[in-house]
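Data first, discussion second: the structure below is written as C-alpha cells.
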C-alpha cells in the first residue's frame, strides 16, 4: 500500500510520515529529498535560480517517475497536489490523506524554519498568517480531493495507522 500524506508545509507530513512508516514496517519517502537528489541542489536554491514553474515541473516529474516500493509512506511537498494532474495521479496510485491545520497553527510551526522555505522567507507575524490563509484558500480544492482528511491538532502516527486500518 502506498500512502501519500498531503497538506500545507509545517502540518507534520514528514514527522508523522516517518513514525507511521516505522509503525507499519513501511519505507518512508520524502518527495522533497528525492527532488533534491535529482536536481543536485536544495529546493530553496533551485526555486530561487529557476522559478516556481520550473520547480513544479521537476516536482511533478519526480512524483510520477520515482520507483516507489510496494509499501511506503510518502510525504509530498505542500504544493505537490496543486499542479498539473498530480492529485489525480496520487489518488490513482495510492491512498491520500490530507493533514489539516488552521493558518495560525501553521504559522507558529513555520516561524523558526522560514529560511529553508522560499515562499515564506520574508513574511512575519500577521503577514505570515495571512499568506498561509490565502494559500490554503487557493489549495483547498486540491487538498479536499484527498481520500481522507484528518485534523493535524494532536495527531499521532497511531491515529493515522488506525484510520488506515479502519479503511481497509
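The values are calculated or read from the model by the stated rules, or taken from the named source; none is laboratory data. Being a predicted model, the structure only gives us computed values, none of them experimental. Heads up, the Cβs are rebuilt from the backbone with ideal geometry, glycines too, and the neighbour counts pull from every protein chain shown.
Of note:
For (1) touching a strand residue (DSSP E or B) at 6+ places or on another chain (Cβ under 9 Å); (2) buried (at least 16 other Cβ atoms within 10 Å of the Cβ), each residue gets a yes or a no:
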| residue | (1), (2) |
| --- | --- |
| 64 | no, no |
| 71 | yes, no |
| 86 | no, yes |
| 95 | yes, yes |
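- Qualifying residue in segment 131-141 (condition: touching a helix residue (DSSP H, G or I) at 6+ places or on another chain (Cβ under 7 Å), outside any helix (DSSP H, G or I) and either within 21 Å of residue 30 (Cα to Cα) or at pLDDT below 95 (or both)): no
- Neighbours by Cβ (under 8 Å, 6+ apart or cross-chain): first from segment 88-114, on the phi < 0 side of the Ramachandran plot and free of Cβ contacts under 8 Å to residues at least 24 places away in the same chain; second in a helix (DSSP H, G or I) and surrounded by 20 or more Cβ atoms within 10 Å (Cβ to Cβ): 111/128; 114/128
- Filter result for the condition that a residue is over 13 Å from residue 80 (Cα atoms), at pLDDT 95 or above and exposed (fewer than 14 other Cβ atoms within 10 Å of the Cβ), over 53, 49: 49
- Restricting segment 22-35 to residues that are assigned to a helix (DSSP H, G or I) and within 15 Å of the chain's Cα centre (by Cα) leaves a set whose member that is nearest to residue 157 (Cα to Cα) is 31.
- The set of residues in segment 63-96 that are part of a loop (DSSP other than H, G, I, E, B) and touching a helix residue (DSSP H, G or I) at 6+ places or on another chain (Cβ under 9 Å) comprises 66, 68, 71, 76, 77, 78, 79, 83, 84, 85.
- Among the candidates 154, 162, residue that is exposed (fewer than 11 other Cβ atoms within 10 Å of the Cβ) and closer than 23 Å to residue 25 by Cα: 154
- Segment 145-164: number of residues that are within 18 Å of residue 106 (Cα to Cα) and touching a residue at least 40 places away in the same chain (Cβ under 8 Å): 7
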